[in-house]
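Values quoted throughout were computed directly from the atomic coordinates according to the rules given, and no laboratory measurement underlies them. Source: prediction; values computed, not measured. Cβ coordinates were reconstructed from backbone atoms using ideal geometry, including for glycine residues, and neighbour counts include every protein chain displayed.
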Amino acid sequence: MTDNIRYVHEETIHNFKAANEVVPYIIQLLEPKSVVDVGCGIGTWLKIFEDNGIVNILGIDGDYVDKSLLKIDKNKFVDFDLEKIYKSEIKFDLAISLEVAEHLGIESANIFIKTLTDLSDTIIFSAAIPKQGGQNHINEQEPKYWIEKFENEGFELFDVLRPVFWDNQKVDSWYRQNMLLFTKRKDLKVKLGSLESFLGKHLVHPNLSMGKDNSINNCKKQLETIYAGKKGVRFYLNLLIKALKIKFR
């Protein structure tokens, strides 16, 4: 990862709403005593783990994160290039990485998974699927792409989070669509194996699909208005100026 800003964390999106719904369930299900969030952003998910009694937390992300927006103590945050392997002497009970991997180059995908699997034997992972869209998505993949990489590290998929939160309107659609759980722990495998599973299927959440359709329809309406000459004179003048700048730059 370069030092360029890859992602701008907006508090309107990176809020506590989804975490408040998901984290208590995760704690009840997995009973972690320590949690690391790789690609933690401003630490909203870790803050909710902390509020629920998990004080041993660590957030890892690039130096582009605005530290003034951090929701966790700065001494619990580490600046690190996520396209390199993060080495730690500490093993955490749980590692999470939510909607991060799609922002990293495809050449570093194996490295990123290696970081996660070195940090914990249990991982909650989500990454954008093809055509999901978003800020600087450069490696959108179907679930099977990531599942295979985790399996190569000796982890087994338990797709038991998506069935629980699929219809929960308080959780952002991308989490409901993409959250997967992987573990190497034999005791957890017995427990998780009895739960409802979506079996790692490539699914598109209806909310995201409708959002795409609405955006396309809005663009079409804007174009129709422009072509019909219904915009003001200043709009068309600015459009002409922009076109000339592009042509002669």
Assess whether Ile106 counts as being surrounded by 14 or more Cβ atoms within 10 Å (Cβ to Cβ) and on the phi < 0 side of the Ramachandran plot.
no
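Restricting to region 24-57, and then to whatever is in a helix (DSSP H, G or I) and acidic (Asp, Glu), can you tell me which residue is surrounded by the most Cβ atoms within 10 Å (Cβ to Cβ)?
Initially, region 24-57 is screened for residues in a helix (DSSP H, G or I), giving 24-30, 44-51.
Next, from what is left, pick out any that are acidic (Asp, Glu): 50-51.
Details: Glu50: 19, Asp51: 14.
Among those residues, the one meeting the criterion is Glu50.
Would you point out the residue of region 166-182, among those that are more than 21 Å from Gln141 (Cβ to Cβ) and touching a residue at least 24 places away in the same chain (Cβ under 8 Å), that is nearest to the chain's Cα centre (by Cα)?
Narrowing region 166-182 to residues more than 21 Å from Gln141 (Cβ to Cβ): 167-171.
Now narrow it down to the ones that are touching a residue at least 24 places away in the same chain (Cβ under 8 Å): 168, 170-171.
Numbers: Asn168: 17, Lys170: 16, Val171: 13 Å.
In this case the residue turns out to be Val171.
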